[in-house]
Amino acid sequence: MTVVYNLDQIKSAIDFESLIASQEAGFVAYSEGRVDVPPVGYLGFPEVRGDCHIKYGRILGSDYFVIKVATGFYDNPSLSLSVGSGLMLVFSQRNGRLEGVLLDEGFLTDMRTAVAGAIAAKYLAPKQVQRIGIVGTGVQARMQLDMLKQETDCREAVVWGRDRAKATEYAEEMSAKGFSVEAVDGIRNLAATCNLIVTTTPSREPLLLASDIRPGTHITAVGADAEGKQELDPDIFAKADIVAADSRSQCIDHGDISHGVRSEVIDPTTLIELGELIKNRNLGRTSGNQITVADLTGVAVQDIQIATMVFENLQFKHAKG
């Protein structure tokens, strides 16, 4: 019998320590070729600044395979609606039966993306993070900063957004969560004092410029998850000592890295996958002056891992009564 879980039930099944470990294991499995992940399905709605992603796949030998549908409609806040929505479907690999429906409303996609940002910082950020820069003011901007509590003691942050009022609101909200946050008028001002920067927007033109990046900075870019999106000046990659991708093939196709490849400032053979970094930490940062970049386009193995973890936790909880 198929079980349907709502958002409140799903949130109750999240354990952050096991979630991070599970996501790391998923990235490693992906880089080792133990994951069957077909190409991403994408449907765009440019007339209303929206998109829909369909990601699906399986880890070979595991119990389940997962199909995820997630939407992002970026003007929804003006309609008093959340930007993201969606669900995840959990099927048995043994018989193909639909075992569970996770009505997560996009929460699990947001959560696994934020966890990936924390993992990227764990392996690439400088040991001493002076200030964290957040580009953007939406849900992911909030979750990325909050999740970084897991990997750094830094509580000083700077935020930039196109709408100054939203940036000020963001600063107030995240300050209430234990950070000291300053809203600034320009990204250059943000980059001048931050050595860990996270970009979280659906921009289609570079926001962060190479000339603004100082030595020792790590950048995690999470916004360019579809063709045409771009947050980073390609020349940033020319300055970078290490460029990591959640998926080498996917980032070459449509991540910020894709713009660097087309501009011929990136040699694709030099790219490191996040799973390779997790397995061999020696591939990561080796000095405080290096510039590092992680391009996170979102890989189906992340959805497989988080959906499986939540589904199994909920099954266990209900079995106990």
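Bear in mind these aren't lab numbers, they're just calculated from the coordinates by the rules spelled out. Note that the structure is a prediction, hence the values are computed from the model and not measured. Please note: Cβ atoms are built from the backbone with ideal geometry, for glycine as well, and neighbour counts cover all protein chains shown.
How large is the dipole of the stretch 124-298 about the Cα centre if only Lys and Arg carry +1 and Asp and Glu carry -1, each at its Cβ, rounded to the nearest 20 debye?
420
Among V159, T2, I54, pick out the residue whose Cα is farthest towards the positive end of the charge dipole of the chain, where Lys and Arg carry +1 and Asp and Glu carry -1 on C-beta, about the Cα centre.
T2
With each run of n ≥ 4 DSSP H residues scored as -39500 (n - 2.57), what mean residue ellipticity at 222 nm is computed for the chain after dividing by its residue count and rounding to the nearest 500 deg cm²/dmol?
Per the formula, -10500 deg cm²/dmol.
Going by C-beta contacts inside 10 Å, put L232, L277 in order with the fewest on the left.
Ranked by crowding around the Cβ, least crowded first: L277, L232.
Give, rounded to the nearest 20 debye, the magnitude of the charge dipole that the stretch 44-193 has about its Cα centre when Lys and Arg contribute +1 at Cβ and Asp and Glu contribute -1 at Cβ.
About 500 debye.
Sort 218-227, 197-206, 168-177 for me by packing, meaning the mean count of neighbouring Cβ atoms within 10 Å per residue, highest on top.
For the peptides 218-227, 197-206, 168-177, the packing ranking is 218-227, 197-206, 168-177.
Using the Cα gyration tensor of the stretch 29-152, with a ≥ b ≥ c the square roots of its eigenvalues, what is the shape: rounded (a/c below 1.5), prolate (a/b larger than b/c) or oblate (neither)?
Oblate is the answer for the stretch 29-152, as a/c is 1.5 or above yet b/c matches or exceeds a/b.
Would you please give the residues with an amide H less than 5 Å from that of I219, counting only those at least 5 places away or on a separate chain, with H modeled from the backbone geometry?
I197, T292, V293, A294
Add +1 for every Lys or Arg and -1 for every Asp or Glu among the other residues with Cβ under 9 Å from the Cβ of T201, and state the total.
My count for the surroundings of T201 gives +1.
Projecting each Cα onto the charge dipole of the chain (Lys/Arg +1, Asp/Glu -1 at the beta carbon, about the Cα centre), which of F316, L19, A244 comes out farthest on the positive side?
Selected residue: F316.
For the stretch 50-100 and the stretch 150-177, what is the separation of their Cα centres, given in Å?
Comparing the Cα centres of the stretch 50-100 and the stretch 150-177, I get a distance of 29 Å.
Around E231, with a cut-off of 11 angstrom between Cβ atoms, what is the net charge of the other residues, counting Lys and Arg +1 and Asp and Glu -1?
Here the charged neighbours net out to -3.
Quick one: if the Förster radius is 22 Å, what FRET efficiency do E169 and S12 give, using the C-beta to C-beta distance and rounding to 0.05?
0.20
Give me the Kirkwood hydrodynamic radius of the stretch 124-298 in Å, from all C-alpha pairs, to one decimal place?
Kirkwood radius, the stretch 124-298: 15.9 Å.
With only Lys, Arg, Asp and Glu charged, each at its Cβ (+1 for the first two, -1 for the last two), find how big the charge dipole of the chain is about the Cα centre; round to the nearest 20 debye.
About 540 debye.
Once Lys and Arg get +1 and Asp and Glu get -1 on their Cβ, which of V83, Y42, I67 lies farthest toward the positive end of the dipole of the stretch 20-112?
Sorting the options by dipole projection puts first I67.
Which FRET efficiency, nearest 0.05, do T2 and E47 yield, Cβ-Cβ r, R0 51 Å?
Between T2 and E47 the formula returns 0.90.
Arrange the peptides 39-50, 139-150 so that the one whose residues have, on average, the most other Cβ atoms within 10 Å appears first.
So the order, starting with the most tightly packed, is 139-150, 39-50.
How would you rank 179-185, 284-290, 294-300, highest first, on the average number of other Cβ atoms within 10 Å across their residues?
Result, highest mean Cβ count within 10 Å first: 294-300, 179-185, 284-290.
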